[in-house]
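Trainee: Structure provided below as structure tokens; questions to follow.
Values quoted throughout were computed directly from the atomic coordinates according to the rules given, and no laboratory measurement underlies them. None of the values given here were measured: they were computed from a predicted structure. Because the Cβ atoms are built from the backbone with ideal geometry, glycine has one as well, and the counts that use them run over all protein chains shown.
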Amino acid sequence: MMLLSFLAALMLDSAAVDTAKVDSGFVFTTVDSVAITPVKDQHRSGTCWAFSTLGFLESEVIRIKGKEVDFAEMYVVSKTMMDRATYCVRMYNDVKFAAGGSAYDVIYCMQHYGLVPQEVMPGIKYGTYPADTLPVHAELDKVASGYLSALSGLKKLTPVWKDGLQAIYDTYLGKCPREFMYEGQLYTPQSYVESLGLNAEDYVSVTSYTHHPFYERFALEVPDNWRMDQMYNVPIDELMQIIDNALANGYTLAWGADVSEIGFTRKGIGVMPLDEKGADITGSDMAKWVGMSKDEQKEKLTKKPLPEKEVTQQMRQQAYDNWETTDDHGMQIFGIAKDQNGKKYYMVKNSWGTMRSDYKGIWYISEAFMRYKTNDVLVHKDAIPEDVRKKMGL
């Protein structure tokens, strides 16, 4: 067994054991998992899309080459933000320039600009203290946005406006290398990707909404899909089949989700409790329940396994249409677990470090939450069940 798989298994086993010790009422047992690289920390930056999708690609390299790699998130961030700025300028700054992105941004970057190892571009040039090694992007985002805002209202742009913005990203994140030495060999970002066996054409985005026909492609209308990635649209039952089939066959998925629900906790749980029946299912007196704060209600509803909502396609659509479902966060789905009652959960690698959850950076997401709050997944096309793939025209 290679070192990475051993470390991943060790981490997951210890997480399962630790659940019996925490005061959450959940006890998880791993059913199956795919090898992942260590949990990282996006810290104070809106770059979950880069961390989650590069983690997904790192698992792909394990699957394809049997080796561990560590991709540089800030290389992808620099390239993507420059592209997004160019798009905003072409739209006369009439669209939002923001730090968010999608899984497709990483695939686009890999295809057009390549990727580099983390040690080649650590991505932090602004630390106040020697220990400042985690991303803090409030100043960078404000400076970059201010630069673009300053262009608004001009009648004509000079040909060097991009150079000025690139200088900002270079100053904060470091320059993106055109070539580099790594493990005794000279690479370009593109040749490095080729050496790892990654092919952008192998990956597809899949979603599930009824405002477009099933088995056709459309650009999901969320702000961070500014590149207008054409996603495959399938019924929610088939989207869940895709997730399960991928995991059963050694693939992970990059997951775009809404984590603003009351059932998504900072402790590592994602469930869809019957919050409108909170007093009943938690055994609380109604008067006492009404008197609780939202945080206290959330604590009660996510402290132990409770009955959950039955999620339908119509519910998903309604939540999307009325802005209850937003494109909040990107993570990586890599395994399946069961709680003490035999209930199924998906194991998800987050990018909030190892200290913010009870499970060392891993989240346990119920089937109900996954059905309701999945915006889209990015997956290798070979991981899609053959019958579903045929319907999609793949």
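Trainee: Could you order the peptides 132-140, 42-50 from most to least packed, using the average number of other C-beta atoms within 10 Å per residue? Display every interim value, and only then the final one.
Mentor: Details: 132-140: 15.6, 42-50: 21.6.
Descending packing order for the listed peptides: 42-50, 132-140.
Trainee: Label region 281-394 by shape, choosing from rounded, prolate and oblate, from the square roots a ≥ b ≥ c of the eigenvalues of the Cα gyration tensor; if a/c is under 1.5 it is rounded, and otherwise prolate applies when a/b is larger than b/c, oblate when it is not.
Mentor: It comes out prolate by the Cα gyration axes.
Trainee: Residues with amide H under 5 Å of E216's amide H, sequence separation 5 or more or different chain, H placed in the peptide plane at 1.01 Å from N; which?
Mentor: So E216 has HN proximity to N233.
Trainee: What are the ³J(HN,Hα) values, in whole Hz, obtained from phi via the Karplus relation 6.51 cos²θ - 1.76 cosθ + 1.60 with θ = phi - 60°, for each residue of region 33-46 in sequence order, with x given for Gly and Pro?
Mentor: Ordered by residue, 3J(HN,Hα) equals 8, 9, 4, 10, 8, x, 5, 10, 10, 6, 6, 9, 8, x Hz.
Trainee: Could you tell me which of rounded, prolate or oblate describes region 298-364, using a ≥ b ≥ c as the square roots of the eigenvalues of the alpha-carbon gyration tensor, with rounded for a/c under 1.5 and, failing that, prolate when a/b is larger than b/c and oblate otherwise?
Mentor: Oblate, because a/c is 1.5 or more while a/b does not exceed b/c.
Trainee: Further question: Compute and list, largest first, the equivalent-ellipsoid semi-axes of region 101-182 from the alpha carbon gyration tensor, each √(5λ) rounded to a whole angstrom.
Mentor: Listed largest to smallest, the semi-axes of region 101-182 are 25, 19, 13 Å.
Trainee: Let me make sure I get this right: for region 230-286, a, b and c are the square roots of the gyration tensor eigenvalues over alpha carbons, sorted descending. Under 1.5 in a/c it's rounded, otherwise prolate if a/b > b/c, else oblate. Which is it?
Mentor: Prolate, because a/c is 1.5 or more and a/b exceeds b/c.
Trainee: Something else: If every alpha-carbon in region 40-198 counts as one equal scatterer, what log10 I(q)/I(0) does Debye give at q = 0.10, 0.14, 0.15 1/Å?
Mentor: -0.38, -0.73, -0.82
Trainee: Here's another thing I want to ask about it. Can you list residues whose amide H is under 5 Å from W352's amide H, if they're 5+ apart or on another chain and H is modeled 1.01 Å from N?
Mentor: So W352 has HN proximity to Q42.
Trainee: Would you tally the net charge around L274, using a Cβ to Cβ cut-off of less than 9 Å, leaving L274 out, and scoring K and R as +1, D and E as -1?
Mentor: Here the count lands on -2.
Trainee: With each pseudo-label sitting 7 Å past Cα toward Cβ, what's the D387-K303 distance in nm, one decimal?
Mentor: A separation of 4.4 nm, rounded to one decimal place.
Trainee: Pop out the ³J(HN,Hα) list for region 78-85 in order, Karplus 6.51 cos²θ - 1.76 cosθ + 1.60 with θ = phi - 60°, rounded to Hz; leave Gly and Pro as x.
Mentor: Result, ordered by residue: 4, 5, 5, 5, 5, 5, 5, 5 Hz.
Trainee: Write down, largest first, the equivalent ellipsoid semi-axes of the chain in whole Å, where each equals the square root of 5 times an eigenvalue of the alpha-carbon gyration tensor.
Mentor: Sorted largest first and rounded, they come to 34, 25, 23 Å.
Trainee: How large is the Rg to Rh ratio of region 162-267 when both quantities use alpha carbon positions and Rh follows Kirkwood?
Mentor: In region 162-267, Rg relative to Rh is 1.07.
Trainee: Hey, another quick one. Using only the Cα atoms of region 235-330, what are the Rg and Dmax in Å?
Mentor: Values for region 235-330 (Cα only, Rg and Dmax): 15.6, 49 Å.
Trainee: Using Cα positions and a limit of under 24 Å, work out the lysines in reach of K175, with same-chain residues fewer than 8 apart set aside.
Mentor: List returned: K40, K79, K125, K142, K162.
Trainee: Starting from the Cα-Cα distance between Q314 and R90, subtract it from 0.36 nm times their residue separation and give me the gain in nm to one decimal.
Mentor: Taking 0.36 nm per residue and subtracting the Cα distance, the gain is 77.0 nm.
Trainee: With labels modelled as points extended 7 Å from the Cα through the Cβ direction, what inter-label distance (nm, one decimal) is found for Y182 paired with N341?
Mentor: 4.6 nm
Trainee: Right, something else. Take F180, F28, F97 and order them by how many other Cβ atoms sit within 10 Å, fewest up front.
Mentor: Neighbour counts put them in this order, fewest first: F180, F97, F28.
Trainee: If each residue of separation counts as 0.36 nm, what is the full-extension length gain between M228 and L154 once their alpha-carbon separation is subtracted?
Mentor: Gain on extension, M228 to L154, equals 23.9 nm.
Trainee: Kindly rank 297-303, 253-259, 147-153 from highest to lowest mean number of other beta carbons found within 10 Å of each residue.
Mentor: Numbers: 297-303: 19.0, 253-259: 25.9, 147-153: 13.0.
Per-residue mean Cβ counts within 10 Å order the peptides as 253-259, 297-303, 147-153.
Trainee: Moving on to the next point. Between D32 and A200, what length comes free when the chain is fully extended (0.36 nm per residue of separation minus the Cα-Cα distance, one decimal in nm)?
Mentor: Contour length minus Cα-Cα distance gives 57.8 nm.
Trainee: Sticking with this one: Give the order of M228, M347 when sorted by the count of other beta carbons within 10 angstrom, beginning with the fewest.
Mentor: Least crowded to most crowded, the residues run M228, M347.
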